[in-house]
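The values are calculated or read from the model by the stated rules, or taken from the named source; none is laboratory data. These numbers were taken from a predicted model, which means no experiment stands behind them. Backbone-built Cβ (ideal geometry, glycine too); neighbour counts: all protein chains shown. Just the protein is used for accessible areas: all its heavy atoms, side chains included, with ligands, DNA and RNA removed. Shrake-Rupley method; radii C 1.70, N 1.55, O 1.52, S 1.80 Å.
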Amino acid sequence: MCLLPTTATYADVILPLPLPGSFTYAVPPEFQNKIGVGYRVVVQFGSRKIYTALVRKIHSDADSSRSFKDVLSLLDEGPLVKEWQFRFWEWMASYYMCTVGEVMNAALPSAFKLASETKVAIHPGYVLDSIPLNEKEFSLVESLHHSKKSIEISRIPRIIEQQKIIPVIKTLIEKGVIVLEEEVRVKYKPKKEIFIRLGGPFATDEEVMKELFDHLERRAKKQLEVLMTFIQLSKFGLDDFKEVRKEELLKKSGCSAAVLDSMIKKAVFEVYDKPVVKESSLPPELSPASITLTGQQNRAIEEIREAWKARDVALLHGVTSSGKTEIYIKLIEETLDQGKQVLYLLPEIALTTQIISRLRKYFGGRVGVYHSRFNDGERAEVWKQAGLNSLNPGSNHCDIILGARSAVFLPLADLGLVIVDEEHDSSFKQMDPAPRYNGRDAALFLAHLHGAKSLLGSATPAIESYYNAKQGKYALVEMAERYGDMEMPKIGIVNIKDERRRGGMKTHFSTILLDQLSVALENKEQAILFQNRRGFSLRLECEACNWMPNCINCDVTLVYHKKSNQLRCHYCGYVASVPSICPVCHSPGVKMKGFGTEKVEEELGILLPGARISRMDLDTTRSKNAYQNIITSFEEQKIDILVGTQMVTKGLDFDHVSTVCILNADNMLSFPDFRSEERSFQLMAQVSGRSGRKKKRGLVIIQTYNPAHPIIQSVVKHDYLGMYTYQLGERRKFKYPPFHRLILLKVKHRNAELVNKAASDLAKRLTAVFGNRILGPEYPPVARIMNQYLKHIMIKVEVESSVLTAKAKLIEILGNFYQKQEFHPVRVLIDVDPQ
């Protein structure tokens, strides 16, 4: 613990705001021997706002001619953030071109940040009716007087029936009638449970206890039942009474809380609360030693161990169902035996359900889980547990942290191994807000800070990762065979164009697919159908004039959702009702075009009436346990056919899936992005790998209008290397990663003309410095989102060039750009290594 020396009087703090640098505050005498680096403090920033800040530096070297605001409060008895975390945040801010305050805001669970809301209250020295007030002022003062408490500023417009409230508030403050106050609320409170114990002499004096029994037996039978239950639960012994949880006592005794309350009032019992300690002693069901590895798995582990002697990062490229998870478990066991922690990252929350149960089977309660579906309190608890290790006697520590990308921010005590599973997945990339970091790359730097080893795993590695391995930057370990000598699935292609010509399509399903689904159902097998669009119909269209309903806030068509019978925007959430006629030409011929997972689910139910069908997409998995419920039901064969978006493609392992279908492969391939073909291969290969994983060879059906497409042919042949070689040639030719690094600038404002003007000006400035490395400005595929117009400018920097120099030049150019007054309202968002 780094405490402030008695001579120091100032603290440099980081605020969770998009502002560069730190801010200096004076440390009051009462905090000077209690405060330190990494502690949370409450400070006032600006005229009224209050924030939680983190102490970055403590010193006595400040400009004595300036006055500094005081630290208002100290929130911790020890540092919440460690020195290495600050270094990690500073690296992230530098690499991804944002501020440390933005990283802090993303890193800390919201439970550790204070909520501040400005309120007004009557001035303590104000005497009612002593100062002349106008009508609006009087209305506010009267409301404050009658309420006898402070009122939020947000409520004042309704009270005085006027939107412009600042002049009224300013005048009342100047007259000494009201004051502003900040109501600060600490969000994080450790979970507590209420306990009961015997009070006073009842716990130690046998005679007093006997008198109590006699009295209750005559007068209060219910209270006697409570006392007897307490004694049974507390393992009675005159010198050995133990506390009992209130909830358990009431449940076991069958008595009401009123009966217990009366005993508390009589001082028979004392009531108090204690922080809840999560069970970290959950015993494992199996030992990792019970896992029998195949020859291929043993070779892979030996290669990884050997590779780690020379390099810190290894890429494990193993085909689907090759047994990568068993290798992870063995390596985790070795790391834990060294007294170190493991960080296990997954791209999607959906995957954690199966992996949690697998890891807990072998490691019990040593596994902690961290992702955004947890509430504030749960995330704060895992944060605290992650900062402990097995060397803390009696500590409720987590040796294995399993989480999504945000888990890289946890204050890990002694990290020894980082595993990034499905490392190719674009979900590791944070899009908005800043920091726009890649969880995979951040995890590698985190491991470097700790001197830990890293393992990237995937059946379809990112082209950049595989290139790094081929170039020797990472070690490469490959597993080309499936576990237990299972065959790779058989992949068949259905030409939708030919099928429609022959009348072989029933809505969106080929007869070949329906026949195979029927066979699977007869054999008590399961199937997965992949359609990477949610909703019922992708758009409505008038057959007479081609009108389509669009979002009023975004440049996209609205998607029809049948369950709610609404049109929805998947970007901003705007909702509209379904028109009965075309609002332009008044034709009744408004038809549904395209299809999403909701429509697939409904139509399959009609075509296969006996099948039990379920859907897994964003609409069906919004609640906390929805993923787990769907996956568990599918594992237990309560669902025959699972329809889903890309959630169903990633790493899930089901024993009885024999058939998989990709309903429309062309949607993915036609997306205007240089990664679209790579991602299409990855999605199709991953979802194909869900079939035939245990008992027999699986079948995959790909429905497409373009069977000859080279990516589809690579999927059919299970030819990752062919796809990689072809894509690498394209990337080299057109100057994309891994040969060039990308920095994407997004110019954003509500005024389209201003966006055009600003983007053109910025592009000229950039071109003058970077030359032909600049691409754009161009409109993105969706040029307006939430009434904000967008234009993109891409900077391509050669890998062999200095990226730091390029970033420094970019910062200088942006500084000059913002010196023009008219561009002050324009936002330029920086995305380093965009996905």
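Filtered by the rule that a residue be within 22 Å of the chain's Cα centre (by Cα), small (Gly, Ala, Ser) and not in a helix (DSSP H, G or I), segment 625-663 gives Gly644, Gly651. Taken over segment 319-342, the criterion of being within 25 Å of Phe654 (Cβ to Cβ), of a type in the set (A, V, I, L, M, F, W, C) and in contact with a strand residue (DSSP E or B) (Cβ under 8 Å, 6 or more places away or on another chain) is satisfied by Val319, Ile327, Leu331, Ile332. Note on segment 367-483: enclosed helices (runs of 4 or more DSSP H) holding 2 or more residues that are within 19 Å of Gln682 (Cβ to Cβ) are 439-450, 463-470. Across segment 185-210, the qualifying residues are those that are surrounded by 12 or more Cβ atoms within 10 Å (Cβ to Cβ) and at pLDDT 80 or above, and the one among them that is nearest to the chain's Cα centre (by Cα) is Ile194. A single entry from Ser537, Ser587, Ser518, Ser564 fulfils the requirement of being over 22 Å from Ile712 (Cα atoms) and in contact with a helix residue (DSSP H, G or I) (Cβ under 7 Å, 6 or more places away or on another chain): Ser537. Which of the residues spanning segment 758-796 are touching a helix residue (DSSP H, G or I) at 6+ places or on another chain (Cβ under 8 Å) and either hydroxyl-bearing (Ser, Thr, Tyr) or not in a strand (DSSP E or B) (or both)? If the condition is that a residue be touching a helix residue (DSSP H, G or I) at 6+ places or on another chain (Cβ under 8 Å) and either hydroxyl-bearing (Ser, Thr, Tyr) or not in a strand (DSSP E or B) (or both), then Ala758, Asp761, Leu762, Arg765, Leu766, Val769, Phe770, Tyr789 are the ones that fit.
Taken over segment 450-487, the residue count meeting the criterion of being modelled with pLDDT under 95, of a type in the set (A, V, I, L, M) and open to solvent by less than 50 Å² (accessible area, probe 1.4 Å) is 3. If the condition is being in a strand (DSSP E or B) and either among the polar types (S, T, N, Q) or open to solvent by 30 Å² or more (accessible area, probe 1.4 Å) (or both), then segment 614-624 contributes only Ser614.
Residues that are assigned to a helix (DSSP H, G or I) and open to solvent by less than 60 Å² (accessible area, probe 1.4 Å) within segment 211-236 comprise Leu212, Phe213, Leu216, Gln223, Leu224, Val226, Leu227, Thr229, Phe230, Ile231, Leu233, listed in sequence order.
Step by step: first the residues of segment 577-613, then only those that are out of contact with any Asp or Glu (no Cβ under 7 Å at 6 or more places or on another chain), of a type in the set (Gly, Ala, Ser) and within 20 Å of Leu663 (Cβ to Cβ), then the one that is least open to solvent (accessible area, probe 1.4 Å). Which residue is that? That would be Gly596.
Anything in segment 105-143 that is among the hydrophobic types (A, V, I, L, M, F, W, C), touching a helix residue (DSSP H, G or I) at 6+ places or on another chain (Cβ under 9 Å) and open to solvent by less than 40 Å² (accessible area, probe 1.4 Å)? List them, or say none. Result: Ala107, Leu108, Ala111, Phe112, Val120, Ala121, Leu140, Val141. Looking at Val747, Val715, Val687, just one residue is within 23 Å of Val600 (Cα to Cα) and either within 33 Å of the chain's Cα centre (by Cα) or open to solvent by 40 Å² or more (accessible area, probe 1.4 Å) (or both), and that residue is Val687. Selection of segment 664-686 for residues being of a type in the set (A, V, I, L, M) and in a loop (DSSP other than H, G, I, E, B) yields only Ala665. Within segment 526-576, the residues that satisfy the criterion of being closer than 29 Å to Val687 by Cα, assigned to a loop (DSSP other than H, G, I, E, B) and of a type in the set (D, E, K, R) are Arg533, Arg534, Lys562, Lys563.
If you scan segment 288-343, which residues turn out to be under 30 Å from Asp719 (Cβ atoms), assigned to a helix (DSSP H, G or I), touching a residue at least 12 places away in the same chain (Cβ under 8 Å) and of a type in the set (S, T, N, Q)? Selection gives Gln296, Gln297, Thr325. Restricting segment 158-168 to residues that are under 13 Å from Val120 (Cβ atoms) and open to solvent by less than 80 Å² (accessible area, probe 1.4 Å), the residue that is modelled with the lowest pLDDT is Ile165. The residue that is modelled with the lowest pLDDT, counting only those in segment 799-830 that are charged (D, E, K, R) and open to solvent by 20 Å² or more (accessible area, probe 1.4 Å), is Glu800. Inside segment 191-210, residues that are in a helix (DSSP H, G or I) and either touching a strand residue (DSSP E or B) at 6+ places or on another chain (Cβ under 9 Å) or free of Cβ contacts under 8 Å to residues at least 24 places away in the same chain (or both) make up a count of 8. Only one of the listed residues (Ser518, Ser537, Ser454) is polar (S, T, N, Q) and closer than 30 Å to Asp655 by Cβ. That residue is Ser518.
When the residues of segment 40-92 are filtered to those that are in a strand (DSSP E or B) and either basic (Lys, Arg) or on the phi > 0 side of the Ramachandran plot (or both), which remaining residue is modelled with the lowest pLDDT? Among them, the one singled out is Lys49.
Checking each residue in segment 782-817 for being closer than 18 Å to Ala752 by Cα and either among the basic types (Lys, Arg) or without any contact (Cβ under 8 Å) to a residue 40 or more places away in the chain (or both) picks out Arg784, Lys791. Ile356 fulfils the conditions (1) among the hydrophobic types (A, V, I, L, M, F, W, C); (2) over 12 Å from the mean Cα position of the chain (by Cα); (3) open to solvent by less than 30 Å² (accessible area, probe 1.4 Å) except for a single criterion, (3). Would you confirm, using the coordinates I've provided, whether Lys764 is free of Cβ contacts under 8 Å to residues at least 40 places away in the same chain, open to solvent by 30 Å² or more (accessible area, probe 1.4 Å) and more than 24 Å from Pro435 (Cα to Cα)? Judged against the criteria, Lys764 is a match.
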